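Student: Dumping the structure here so I can ask a few things about it.
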Amino acid sequence: MMRKIILILSVISLGISAEAQETYLSREAYRDKVEAYSQLLKQQRLKAAASTEARKIAQTGFLPKIDITAEGTANLSHLDAWNSPAGQYRPYTYQALATLGQPLYTGGSLIAQKRIAKADEELDKLAIELTLDQIHYQSDAVYWNASAALATLEAAARFEEIVNRQYSIIQDRFNDGAISRTDLLMISTRKKEAELQFIKARQNHTLALQRLNILMGVKPDAAVDSLCEIGAGSPPVDLLSLDEVLGRRADYAGTNVSIAKSEAQRKAALSRYNPQLSMFLATGWDTGIAYMGQDVPHTPIAGLNLNIPIFRWGARFKTNRQQKAYIGIQRLQQSYVADNILEELSAATTKLTETEQQVKTAQENMALAEENLDLVTFSYNEGRASMVDVLSAQLSWTQAQTNLINAHLAAKMAVAEYRKAISE
């Protein structure tokens, strides 16, 4: 009964309503809420949208372009001749020209720029996947830490209940003169320790709930729905090979895109040393350098522009070697990323196995500590054990409880890390 009262008071102090406790917030539902609120994810999606527009802009380089230009001048020293007769000097000129231009061959630069823009778009889309993986892992970590904090609070409440119950028995016996004041002082000290432990657990629980709320975009002190218990079983995970994981990881896929981008950048850099051919159609009116007042004819013009680089002191070959070095860097980066993924996958797989054993051992230890506490407490109440034995059994019980919660939390985090490693 005492335990229930303590738990009720703790819930009230945390501002959690009874109605909120009736609603269950699953890990998956919390992950969706965090994903929907994430400002970082929204930024990354806007960046990807901008990259898509950049790719479309690069595509327009292949299309004809129309420009209109106009220009006028006035000689301020001869403004008196502004309306002079035709055939005589007038102090102004003007030009109006509409031009249609079409690149015919740009040395491969337009194709290369298009491929670069497409690679940037793919990299930004892969960055969204990386951001999602990080958000999912972060939400799982916050969720399970909040669940573990609640379990720790409940354990602290139960420990305080156990100590208070023993304190009441010893207090009665001391009042009857059946035991010395030493036992009363020892259990009183343990009682204060239990109270302090509960206060610390309540504080950690409050902080965990605040972080849980903030991450999904609600007020820190908002009511929190009930969470999955930290000791609940997790669905089994599929163990994947390195090749399977590399095919799922966005960061590894990004290395292939970066290599392709470097190849396109090499071609774009070399395009400056290739022939350039374009054509244009222009029409408009032009008075010429000096305007003599005659009628200005409408003049259509068609033309070709050809540029062939001949001698650049070996700049083409040097540029080619430079760009190939950059491609080599990207290939080495791909190998480096693969090694990091292998290390992450191996560590996550090991943690899955080890934490499972830790939970099993912690559960067995908890059962032993529970039985030991019951036996020692009963023996003390029957006069066959000392207060030191009781305090030692209580300490073993609370340590075993803490170890069990930590083992469950480690197991949950191992699953979260493995899911992040395989980009699930």
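Student: If G107 passes every condition in (1) surrounded by 12 or more Cβ atoms within 10 Å (Cβ to Cβ); (2) at negative phi but one, which one does it miss?
Tutor: Every condition holds for G107 apart from (2).
Student: Need the failing condition index for T189 against (1) without any contact (Cβ under 8 Å) to a residue 24 or more places away in the chain; (2) part of a loop (DSSP other than H, G, I, E, B), just the number.
Tutor: So T189 meets the others, but not (2).
Student: Please identify the pairs in which a residue from the range 43-68 that is within 22 Å of K125 (Cβ to Cβ) and assigned to a helix (DSSP H, G or I) has its Cβ atom under 6 Å from the Cβ atom of a residue that is open to solvent by less than 80 Å² (accessible area, probe 1.4 Å) and of a type in the set (S, T, N, Q), counting only partners at least 6 apart or on another chain.
Tutor: Correct list of pairs: Q44/T131.
Student: Can you tell me which of L196, L184 is without any contact (Cβ under 8 Å) to a residue 40 or more places away in the chain, open to solvent by less than 20 Å² (accessible area, probe 1.4 Å) and more than 30 Å from V415 (Cβ to Cβ)? Spell out the reasoning first.
Tutor: Working: L196 fails: open to solvent by less than 20 Å² (accessible area, probe 1.4 Å).
Residue meeting the stated conditions: L184.
Student: Output the residues belonging to the range 214-227 that are buried (at least 19 other Cβ atoms within 10 Å of the Cβ) and either closer than 27 Å to Q358 by Cα or out of contact with any strand residue (DSSP E or B) (no Cβ under 8 Å at 6 or more places or on another chain) (or both).
Tutor: Those that are buried (at least 19 other Cβ atoms within 10 Å of the Cβ) and either closer than 27 Å to Q358 by Cα or out of contact with any strand residue (DSSP E or B) (no Cβ under 8 Å at 6 or more places or on another chain) (or both): L215, M216, L227.
Let's see how each residue does on (1) at pLDDT 90 or above; (2) closer than 30 Å to A74 by Cα:
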site	(1), (2)
L209	yes, no
V224	no, no
L227	yes, no
P235	no, no
R249	yes, no
E263	yes, no
R266	yes, no
G284	no, yes
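Student: It is to be established whether one or more residues within the range 33-47 are under 30 Å from L104 (Cβ atoms) and either at pLDDT below 95 or open to solvent by 80 Å² or more (accessible area, probe 1.4 Å) (or both).
Tutor: no
Student: Can we say T283 is among the polar types (S, T, N, Q), assigned to a strand (DSSP E or B) and in contact with a Phe, Trp or Tyr (Cβ under 9 Å, 6 or more places away or on another chain)?
Tutor: no
Student: Which of the residues belonging to the range 59-99 are farther than 17 Å from D286 by Cα, under 52 Å from the mean Cα position of the chain (by Cα) and open to solvent by 50 Å² or more (accessible area, probe 1.4 Å)?
Tutor: Hits for the range 59-99 are Q59, T60, F62, L63, P64, K65, I66.
Student: So which pairs qualify, if the first residue must be in the range 70-91 and closer than 16 Å to G288 by Cβ and free of Cβ contacts under 8 Å to residues at least 40 places away in the same chain, the second must be loosely packed, with under 10 Cβ neighbours inside 10 Å and not aliphatic (A, V, I, L, M), the Cβ gap must be under 9 Å, and the two must be at least 6 apart or on different chains?
Tutor: Listed by first residue and then by second, the contacts come to P91/S77; P91/D80.
The values are calculated or read from the model by the stated rules, or taken from the named source; none is laboratory data. Since the structure is predicted, the reported quantities are computational estimates derived from the model, not experimental observations. Glycine also receives a Cβ, built like all others from the backbone with ideal geometry; neighbour counts cover every protein chain displayed. For the accessible areas, the whole protein counts, side chains as well, though only heavy atoms, and no ligand, DNA or RNA atoms are used. Shrake-Rupley method; radii C 1.70, N 1.55, O 1.52, S 1.80 Å.
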